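A.B. asks: Take this structure, written in structure tokens, and hold onto it; I'll ask about it next.
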Amino acid sequence: MAIAFTLVVIIGIAALISTLALAGKSDENYRSSTKGNLSRLSWIYVVLVVILAGGLGLYLYFM
């Protein structure tokens, strides 16, 4: 179980870093319009981490 949790965390962090790295590579016109998109995507990651952590906690509690 610890291995699976560790893999999920590593994949999530890698996805976040990749997303942020790709968002910085664009022209100026596109970059200004993607600021809002990047902000929304970051919030999606934050909410997803909270939900998944809560789900994992509930799973471990009732297991």
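The values are calculated or read from the model by the stated rules, or taken from the named source; none is laboratory data. Note that the coordinates shown come from a computational prediction; the quantities given were computed from them, not determined experimentally. Note: ideal-geometry Cβ built from the backbone for every residue, glycine included; neighbour counts use all protein chains shown.
A.B. asks: Looking at Ala21, Ala53, Ala4, can you tell me which residue is assigned to a helix (DSSP H, G or I), modelled with pLDDT under 80, small (Gly, Ala, Ser) and over 12 Å from the mean Cα position of the chain (by Cα)?
C.D. replies: Ala21
A.B. asks: Within the set of pairs 6 or more residues apart or between chains, which connect a residue that is hydrophobic (A, V, I, L, M, F, W, C) inside the stretch 41-63 to a residue that is in a helix (DSSP H, G or I) and modelled with pLDDT under 90 with Cβ atoms less than 6 Å apart?
C.D. replies: Qualifying pairs under 6 Å: none.
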